[in-house]
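Single-structure report; data block below.
The values are calculated or read from the model by the stated rules, or taken from the named source; none is laboratory data. Remember, predicted model here, so these are calculated numbers, not experimental data. Please note: Cβ atoms are built from the backbone with ideal geometry, for glycine as well, and neighbour counts cover all protein chains shown. In case anyone asks, the SASA skips ligands and DNA or RNA and just uses the protein heavy atoms, side chains included. Shrake-Rupley method; radii C 1.70, N 1.55, O 1.52, S 1.80 Å.
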Amino acid sequence: MTSPLSHSKVGKAVNGICEKRMYMTEKIKGLMKKYEEMISYLVVGVLTTLVSWVAMYLASWLLFGNPLHPTPFENAVMSSVNWVAGVTFAYFTNRRFVFKSHEPMLREIPKFVLSRVSTFILDLAVRQLFGMLGINTYITTFVSAVLVFIGNYVLSKLLVFRKGNKVNTV
């Protein structure tokens, strides 16, 4: 036989667990809201990377037989295909899902393309340098993607998807 005292202890323990669970749920929701833009950018960035890599390796396979050590010309073509596919996909997904912009596209697109041209030059430089060092295309692609990913976020945040004179806040 259990005493009323033990039921109240169990009830308090269950209530304590429920309160902690509700607190943690609210904390997680708060963090998700606070970092929504960064999380969305990460998801869109991964998808953009996949789209651009598929386009790049498909072009490499169709045009050059997918060499492990592409020539400088092949690297330039691969980077160009990568860039066009990535920029096209990235503009529309970043505009809608990350920065939730309602600005006129004609105002944003030139800034977006210009910012992506600068990271395209970074990609070309990394590919050429790593190619000269004999580093294979898969490692080169990964290192370049990380650098370009960071550069694209910073430029999109500071130059492209601004609301008035104020930068979108995280």
Note to self: I'm told F112 meets every condition in (1) under 16 Å from V44 (Cα atoms); (2) touching a Gly at 6+ places or on another chain (Cβ under 9 Å); (3) at pLDDT 95 or above except one. Can you identify the failing condition by its number?
What the structure shows: (2)
Check: Is there a residue being assigned to a helix (DSSP H, G or I) and in contact (Cβ under 8 Å) with a residue 40 or more places away in the chain anywhere in segment 12-32?
Finding: no
Notebook entry, point to check: Taking the stated definitions as given, is M38 open to solvent by 60 Å² or more (accessible area, probe 1.4 Å) and part of a helix (DSSP H, G or I)?
Noted result: yes
Next item on the list: Hey, can you tell me all the residues within segment 44-70 that are in contact (Cβ under 8 Å) with a residue 40 or more places away in the chain, in a helix (DSSP H, G or I) and open to solvent by 30 Å² or more (accessible area, probe 1.4 Å)?
Entry: L47, T49, W53
Checklist line | Within segment 116-131, considering residues that are without any contact (Cβ under 8 Å) to a residue 40 or more places away in the chain, out of contact with any Gly (no Cβ under 9 Å at 6 or more places or on another chain) and open to solvent by less than 40 Å² (accessible area, probe 1.4 Å), the one nearest to T48 (Cα to Cα) | finding: V126
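Conditions tested, residue by residue: (1) of a type in the set (A, V, I, L, M); (2) surrounded by fewer than 16 Cβ atoms within 10 Å (Cβ to Cβ); (3) in contact with a His (Cβ under 8 Å, 6 or more places away or on another chain); (4) over 25 Å from N66 (Cα atoms).
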residue: R95; (1), (2), (3), (4): no, no, no, yes
residue: L133; (1), (2), (3), (4): yes, yes, no, no
residue: A145; (1), (2), (3), (4): yes, no, no, no
residue: K157; (1), (2), (3), (4): no, no, no, yes
